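*Asks:* Here's a structure for you.
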Amino acid sequence: MSQLFSPIRLGNLDLPNRLVIAPMCQYTAEDGSATSWHTMHLGTLANSGAGLLIVEATAVEAIGRITHGCLGLWSDANEAALRTVVDACRKYGKAKLGIQLGHAGRKASSKRPWEGKTLQDPVDGADKWETIGPSAIAMSGHPMPKAMSADDIKRVSDAFVMATRRADRLGFDLIELHAAHGYLLHTFLSPLSNTRTDQYGGSRENRFRLPLEIMQRCRDVFTPGKPLGIRVSATDWIEGGITSEDTVAFARELEKIGCDFIDVSTGGLDLTQKITLGPGYQVPYAEAVKRATKLPTMAVGLITDPVQAETILKEGKADMIAIARAALDDPHWGWHAAYALDAEPLVPVQYMRAGLKLWSPAVRHAKKAS
């Protein structure tokens with residue numbers, strides 16, 4: 001039996017397979033509210049063949065958006081707009097639904113990717129807003145963020161709790177907190193961006209404190225049994241930054257407070273990072289966490305081939321596989337992976353007649369020949 005298409009249980013949530021569509025920013029919200037684009041985009045991916053679809057990074061407060069076009073969940077209007085999308089995906093889609101809650105921190109107030117010269121250029125003029133971070137340390141090319149006060153920390157923590165309540169009301173099956181890619185919670189974890197001298201900075205234990213507090217507070221208000229997990233950058237790819245050993249230590253602390261899964265990515269803290277790219281280049285970091293804890297672990301990053309994904313799981317390097325751009329390129333990647341691994345894909349009833357065994361001349365010819 002295919003490992004990729006075998007079931008897995010996270011908390012009280014049963015997933016029919018281990019294929020996950022990772023969160024992917026679309027930069028097409030209006031004042032944080034979802035639009036018809038989100039219904040079309042997420043509706044398609046809800047029938048990609050993946051067992052779980054996680055909605056893009058969703059800001060817990062307005063200044064926590066990466067760009068003016070980023071999704072948010074800080075207001076009643078945001079919640080109402082997203083309900084339309086969730087209801088459509090729930091009614092017609094096959095995937096379970098998750099959402100990634102986050103705060104952009106010092107990487108906020110940026111242009112949409114197609115508006116700037118790089119992936120994330122800062123906004124100019126009247127459109128920009130003040131950014132925040134654990135310390136007044138700017139990311140390459142970005143304005144200096146405000147070092148967060150105790151009041152700022154409380155406000156952001158409260159915003160994560162409120163967004164969790166809203167996501168729960170919307171009926172999301174799962175929440176992933178975003179502590180990766182140079183966004184706010186990541187900057188608290190990394191000594192390169194956090195030079196605080198209070199209880200939230202300095203020692204590794206102190207740098208872990210705010211993400212762990214927010215995880216605990218969100219766990220306390222999210223429906224018991226619904227899985228709550230986190231995405232991390234396991235290394236900053238910069239000397240003096242987060243290491244795999246730090247991430248394993250953080251994962252052990254997460255495990256103690258009831259975290260249900262960990263999604264292991266890398267990088268994003270600073271443009272000076274030196275990443276060694278290659279197929280599955282982040283898998284060893286997921287494997288390190290899996291070996292050291294009992295947390296279900298997601299591997300992500302240049303996993304593009306079904307056999308590659310299957311091998312990662314069979315070799316025990318991760319428990320789930322998350323894909324992103326591969327699913328944009330091929331919205332039925334999960335169907336095609338199932339065919340390649342001799343498994344049954346998750347196909348909506350409206351598309352049943354498109355099942356490969358029913359219509360493909362090549363398949364029918366091979367069956368007749370055998």
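*Asks:* PRE reach from Trp129 (point 7 Å along Cα→Cβ): which of the range 44-79 fall under 18 Å by backbone N?
*Replies:* In the range 44-79, the label zone of Trp129 (backbone N under 18 Å from the point 7 Å along Cα→Cβ) covers 57-79.
*Asks:* How much length would be gained if the chain were fully extended between Thr223 and Arg353, taking 0.36 nm per residue of separation minus their Cα-Cα distance, in nm to one decimal?
*Replies:* Length gained between Thr223 and Arg353: 43.0 nm.
*Asks:* May I pose another question? Angle between the Cα long axis of helix 76-92 and the longest principal axis of the chain, 0 to 90 degrees, nearest 10?
*Replies:* On a 0 to 90 degree scale, this one is about 20.
*Asks:* Another question, if that's okay. Residues of the range 177-191 with amide nitrogen under 16 Å from the 7 Å Cα-to-Cβ point of Thr118?
*Replies:* What the label zone holds, given the 16 Å backbone N cut-off, is 181-183.
*Asks:* Around Arg169, under 10 Å between beta carbons, what's the net of Lys plus Arg minus Asp minus Glu among the other residues?
*Replies:* +1
*Asks:* What is the local net charge at Thr131, summed over the other residues whose Cβ is closer than 10 Å to its Cβ (Lys, Arg +1; Asp, Glu -1)?
*Replies:* So the surrounding residues net to +3.
*Asks:* Restricting to the range 8-369, compute how many DSSP beta bridges are antiparallel as a %, nearest 5.
*Replies:* Working: 5 of 40 bridges.
Taking every DSSP beta bridge within the range 8-369, about 10 percent pair in antiparallel fashion.
*Asks:* Shifting gears a bit: Give me the log10 of I(q) over I(0) for the chain at q = 0.12, 0.13 Å⁻¹, as the Debye formula computes it from C-alpha points; what are the numbers?
*Replies:* -0.86, -1.01
*Asks:* Given DSSP loops and a limit of at most 15 other Cβ atoms within 10 Å, what is the longest stretch of the chain that contains no such chymotrypsin sites (Phe, Trp or Tyr not before Pro)? Mind dumping the intermediate values first?
*Replies:* Numbers: sites that count: Trp114, Trp129, Tyr281.
By the stated rule (loop sites, at most 15 other Cβ atoms within 10 Å), 130-280.
*Asks:* A further question follows. Just to confirm the number: angle between the C-alpha axis of helix 244-256 and the first principal axis of the chain, 0 to 90 degrees, nearest 10?
*Replies:* Helix 244-256 sits at roughly 80 degrees to that axis.
*Asks:* Run the numbers on the chain and let me know its relative contact order in percent, using alpha-carbon pairs under 8 Å that are six or more apart.
*Replies:* 17 percent.
*Asks:* Still on this structure, I have one more. Among Ser110, Ser140, which comes first, then next, by fewest other beta-carbon atoms within 10 Å?
*Replies:* Fewest-to-most Cβ neighbours within 10 Å comes out as Ser140, Ser110.
*Asks:* To continue, here is another question. Just to be sure I understand the model, the point goes 7 Å from the Cα along the line to the Cβ. What's the resulting Met144 to Lys294 distance in nm?
*Replies:* 4.9 nm
Read the figures in this text as sums done on the coordinates, not as results from a lab. All of these numbers come straight from a predicted model, not from anything done at the bench. Cβ sites come from the backbone with ideal geometry, for glycine too, and all protein chains shown count toward neighbours.
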